[in-house]
Amino acid sequence: MQGVDLPVDPAWLPDEAFRPIGTRRTLIRGSGPLVDTVHGEVAQACVRFGGSVSRDESPEPCDLVLELTGTDGGEAFTFQRGGGVTTVTASGGSGLLYGLFHVVRLGNAAFQGSSAPEEHRPASALRMLDHWDNVAVHPVMGQVERGYAGGSLFWADGRARGELLGRVRAYGRLLAACGINALAVNNVNVHEAEARLLTDRIGWVAEIADALRPYGIRTHLSVTFAAPMVLGGLPSADPLDAAVREWWAGASARVYEAIPDFGGFVVKADSEGQPGPFAYGRSHADGANMLAAALEPYGGTVHWRAFVYDHRQDWRDRTTDRARAAYDHFVPLDGQFAANAVLQVKHGPMDFQVREPVSPLIGAMPRTRLAVEVQATQEYTGQQRHVCWLGPMWSEVLRFRPDGVPVADLADAMVAVSNVGDDPFWTGHPLAQANLYTFGRLAWQPDADPGPILDEWIRLTFGSGPAAGLRAVLAGSWRTYEKYTAPLGVGWMVQPGHHYGPSVDGYEYSPWGTYHFADRDGIGVDRSVATGTGYAGQYAKAWAEVYESPDTCPDELLLFFHHVSYEHVLRSGKTVIQHIYDTHFEGMEEVEAAQRVWASLVDVVDAESHARVAERYEEQLRSAREWRDQVNSYFFRKSGVADAHGRRIH
Ligand code: GCV
């Protein structure tokens, strides 16, 4: 099918969402490429629904005025309604585009009543998606690392997918409609085929940038720290070596020749086998600042990932704690990073488990710019075969106050690992679109309640018919997933490598630093200062004290912070072992109930989406049963404690 694209799901921008605009008269004032995009959107809606659109002057009174009032490129807009006219003003083209999508979201309500001017502006200037897409198919990870939505939108078998550029543009449109403004086009694990995107294959990246630009999205690239050696033939990649710095300066200049509004580099260094500054006895600030210097003349940014830990640990050694690693490596470097370097920190200290505390690194580096990284692609949360809406988890992270100030206010940027591929539904599981949408909306307004965001997504995507049912299957799905998989903050009980399905001891004797330490008496990792790894002490005093004792530690994180006996009584009043049994039975029952709700929506959801989700529910149910029975059986066999309710445990 090379050269031909296939129809894709309209997601949260179905034609119908534009009816309220398309049936009215709109005036657009201002000029520039993004104003042209706004005009194009309105004009298409008018063709469909019979309204009209004028540029700059209108012969007749208008219902909607979209006006660019400046040239500062800003993203804020003002919405107002009075005298029968709805007005959006913005001093930048992106702001006008976001204002248009705001009107789309409001629907008819945007044209009713009157409202005083409301200013809308994003909490952070950078709201980014990182694609872990490989250019060449990786022998283990495939085309998209941790991708559950088909192939890559950008790459196939070592080449750029020019035939999908129309779809890339449509993707940019969807992203703009939920507030995302940056995208990294390749995996942070950079192999040779990806490395060359920086040099002789930059033209491929430029084509993607051209497709995304009309929707205000800047393109970024993941680069290998070893590029001067791998691509430039230099003997070293030492960040303090003049020749190396010169190489990066030249490479950056050529990137900006091809893509003048290029966003910058994303770097995974000294992490899981990727090269980095440690090889030269240099710090991560040295490494990041070298790239920052190369990008600085052009206004680019380096996103330097803090996911640095020892992945060749000895499981016998209980003193080394992977959870500590990012804080231990980076806190001493606070204040040393360049102004255009952003430290990109995963939201938890481990790796996107279904439940983790907020990373203690967040808030611990007040003189360093921070990006908080979440994972929309559902690596450990059901791989887009299970329904798992992550809005509540991300919102909990953003509302957490490490030391008085919420994470939302500490973050300079929000980043999500994308869950999108070339699947016609974009995300494999149609309901996983809700995660992408919610990420964008939370990145724009991190203190927003995720519930109304979910409602908004449902209404835009499916209309009001199935709204109650969709809410029922999605709203609690993260907690349901947590119940039948990972109790009380214990993680990693997944099948090694691909990370799908249960394997309680799958990572227990591995070098990855990912243990639960279950024995016949108890389970959990002692991360207290008094008797454990000391990790709890990485938090500011108030949280350090809460996490230090099993008596004050929140139940949902108990096993993350403490090793306790199976008979330990939780704050909920249940024992740990009974909690494990109960949640696993409940979780499975909740999936069965959700499946029934989904079945009842057959006449109010489009047939393709309904069938795809119904098929995935079969798999979710099978997998949840497996999780329930393996986890319960394992802990019954270890502990010898019977279920208080006499249910069957194998
Ligand atoms: C891109 C985890 C994932 C890896 C991923 C890594 C990272 O370890 O399993 O696939 O690599 O996180 O975030 O760099």
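The values are calculated or read from the model by the stated rules, or taken from the named source; none is laboratory data. This structure is a prediction, so every number in the text was calculated from the model and none was measured. Cβ placement follows ideal geometry from the backbone for every residue including glycine, while neighbour counts extend to all protein chains displayed.
Key figures
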{"read-out": "Spans of helices (runs of 4 or more DSSP H) in segment 540-650 with at least 1 residues aliphatic (A, V, I, L, M) and more than 21 Å from VAL354 (Cβ to Cβ)", "value": "541-548, 576-600, 607-639"}
{"read-out": "Elements of type strands (runs of 3 or more DSSP E) in segment 77-181, at least 2 residues being under 30 Å from LEU343 (Cβ atoms) and among the hydrophobic types (A, V, I, L, M, F, W, C)", "value": "126-130, 133-138"}
{"read-out": "Pairs where the first residue, in segment 130-148, is among the basic types (Lys, Arg) and the second is crowded, with 21+ Cβ neighbours inside 10 Å, C-beta under 9 Å, 6+ apart", "value": "ARG146/TRP132; ARG146/GLN375; ARG146/THR377; ARG146/GLN378; ARG146/GLU379; ARG146/GLN383; ARG146/VAL417"}
{"read-out": "First in segment 373-385 and within 11 Å of the ligand (Cβ to nearest atom) and assigned to a strand (DSSP E or B), second anywhere and modelled with pLDDT of 95 or more and of a type in the set (Lys, Arg), Cβ under 6 Å, 6 or more apart", "value": "GLU373/LYS346"}
{"read-out": "GLY513 vs. criteria buried (at least 21 other Cβ atoms within 10 Å of the Cβ), small (Gly, Ala, Ser) and in contact with a helix residue (DSSP H, G or I) (Cβ under 6 Å, 6 or more places away or on another chain)", "value": "yes"}
{"read-out": "Qualifying residue in segment 263-276 (condition: within 14 Å of ALA339 (Cβ to Cβ), touching a residue at least 40 places away in the same chain (Cβ under 8 Å) and within 25 Å of the chain's Cα centre (by Cα))", "value": "yes"}
{"read-out": "Filtered residues of segment 102-147 (kept if charged (D, E, K, R) and either within 15 Å of the ligand (Cβ to nearest atom) or within 30 Å of GLY83 (Cβ to Cβ) (or both))", "value": "ARG105, GLU118, GLU119, ARG121, ASP130, ASP133, GLU145, ARG146"}
{"read-out": "Boolean, ARG196 is surrounded by fewer than 23 Cβ atoms within 10 Å (Cβ to Cβ), closer than 19 Å to GLN344 by Cα and away from the ligand (no atom under 16 Å from the Cβ)", "value": "no"}
{"read-out": "Some residue of segment 164-181 being assigned by TED's automatic domain parsing to the domain that holds ALA227, over 29 Å from LEU442 (Cβ atoms) and in contact (Cβ under 8 Å) with a residue 60 or more places away in the chain", "value": "no"}
{"read-out": "Residues of segment 301-320 classified as buried (at least 22 other Cβ atoms within 10 Å of the Cβ) and of a type outside the set (A, V, I, L, M, F, W, C), total", "value": "4"}
{"read-out": "Pairs with Cβ under 6 Å, 6+ apart, first in segment 97-119 and in contact (Cβ under 8 Å) with a residue 24 or more places away in the chain and within 26 Å of GLY172 (Cβ to Cβ), second aliphatic (A, V, I, L, M) and not in a helix (DSSP H, G or I)", "value": "GLY99/VAL88; GLY99/ALA90"}
{"read-out": "Every residue from segment 602-619 that is in contact (Cβ under 8 Å) with a residue 24 or more places away in the chain and more than 14 Å from PRO430 (Cα to Cα)", "value": "VAL604, GLU619"}
{"read-out": "Residue identified as modelled with pLDDT of 95 or more, within 13 Å of the ligand (Cβ to nearest atom) and of a type in the set (A, V, I, L, M) among VAL331, VAL308, VAL302", "value": "VAL308"}
{"read-out": "Matching residues in segment 266-299 - criterion: being away from the ligand (no atom under 16 Å from the Cβ) and of a type in the set (Lys, Arg)", "value": "ARG282"}
{"read-out": "Residues located in segment 263-300, provided they are surrounded by 24 or more Cβ atoms within 10 Å (Cβ to Cβ) and among the aromatic types (Phe, Trp, Tyr)", "value": "PHE265"}
{"read-out": "Segment 542-569, residues that are without any contact (Cβ under 8 Å) to a residue 24 or more places away in the chain and of a type outside the set (Val, Ile, Thr)", "value": "ALA544, GLU545, GLU548, SER549, PRO550, ASP551, CYS553, PRO554"}
{"read-out": "Among residues of segment 11-39, those that are touching a residue at least 60 places away in the same chain (Cβ under 8 Å) and within 29 Å of the chain's Cα centre (by Cα), counted", "value": "12"}
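Okay, residues lined up against (1) surrounded by fewer than 19 Cβ atoms within 10 Å (Cβ to Cβ); (2) out of contact with any Lys or Arg (no Cβ under 9 Å at 6 or more places or on another chain):
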residue: VAL103; (1), (2): no, yes
residue: GLU119; (1), (2): yes, yes
residue: PRO122; (1), (2): no, yes
residue: LEU129; (1), (2): no, yes
residue: VAL137; (1), (2): yes, yes
residue: GLY151; (1), (2): no, no
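Each row is one residue, and each column tells you yes or no for (1) more than 14 Å from ARG173 (Cβ to Cβ); (2) buried (at least 16 other Cβ atoms within 10 Å of the Cβ).
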{"residue": "SER31", "(1), (2)": "yes, no"}
{"residue": "GLY40", "(1), (2)": "no, no"}
{"residue": "ALA43", "(1), (2)": "yes, yes"}
{"residue": "ASP56", "(1), (2)": "yes, no"}
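For every residue, the table says whether it meets (1) over 28 Å from PHE517 (Cβ atoms); (2) touching a strand residue (DSSP E or B) at 6+ places or on another chain (Cβ under 9 Å).
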| position | (1), (2) |
| --- | --- |
| GLY299 | yes, yes |
| TRP304 | yes, yes |
| TYR309 | no, no |
| VAL345 | no, yes |
| VAL354 | no, no |
| SER395 | yes, no |
